[in-house]
1. In whole percent, how big is the carbon plus sulfur part of the accessible area of the chain, probe 1.4 Å, protein atoms only?
2. Could you point to the label whose value was computed as percent of Cα pairs over 16 Å apart for the structure here, given (1) 65; (2) 61; (3) 72?
3. Report, as a whole number in µm² per second, the diffusion coefficient that Stokes-Einstein gives for the range 32-103 at 25 °C and 0.890 mPa s using the Kirkwood radius over alpha carbon pairs.
4. For the range 72-128, what is the largest minus smallest coordinate of the Cα atoms on each principal axis, given in angstrom and ordered from greatest to least?
5. What number does the range 1-68 give for Rg over Rh if you use C-alpha atoms and the Kirkwood radius?
6. Any idea of the accessible area per residue across the chain, 1.4 Å probe, to the nearest Å²?
7. Can you tell me the 0 to 90 degree angle between the C-alpha axis of helix 4-13 and the longest principal axis of the chain, rounded to 10?
8. If you wrap a convex hull around the C-alpha atoms of the range 33-73 and split its volume per residue, what is the figure in Å³?
Amino acid sequence: KGSVLFFADLMREIDLPLEIDFVHLTSPKGEGVKIIKDISSNVEGKHILIVEEIIDAGRTLTFLQKRLLASNPASLKIAALLDKPARRELPVEIDYVGRVIDDRFVVGYGMDSEELGRNYEDLFIFRQ
């Protein structure tokens, strides 16, 4: 859900025919990755761009990347609005990064704290 605004803005800048699909994954700390909503498109032979709002631990992204690569896409690239390498648990190679940030919790521009803050126009550091 968090990448929806970034995704919409990015999609308007891509001047190519495209298809979109959504995947919803979760990876609670200490547990494996759970699929809430799986991909419904056939990606074989297609150029795939995974769009993420923020990459921190890298568990869900690594899972998704391996899952999509198993379907033999023509290429697979990753775009992230924010990269938080201080939280990285698994190595992740990001092709397009908007900004690298410190280990801070951010809300706004689609990102939330318990569903609050998604509609904020800008990004804010969340303070409890």
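The values are calculated or read from the model by the stated rules, or taken from the named source; none is laboratory data. Here the structure is a predicted model, which is why all the values come from computation and not from measurement. Glycine also receives a Cβ, built like all others from the backbone with ideal geometry; neighbour counts cover every protein chain displayed. Ligands, DNA and RNA are stripped out before the accessible areas are found, and what is left, the full protein with its side chains, is counted by its heavy atoms. Shrake-Rupley method; radii C 1.70, N 1.55, O 1.52, S 1.80 Å.
1. After summing per-atom areas, the C and S share lands at 51 percent.
2. (1)
3. 191 µm²/s
4. Sorted largest first, the three principal extents are 41, 23, 19 Å.
5. Computed over Cα atoms, the ratio is 0.96.
6. On a per-residue basis, 68 Å².
7. Roughly 50 degrees between the two axes.
8. Residue-normalised Cα hull volume stands at 75 Å³.
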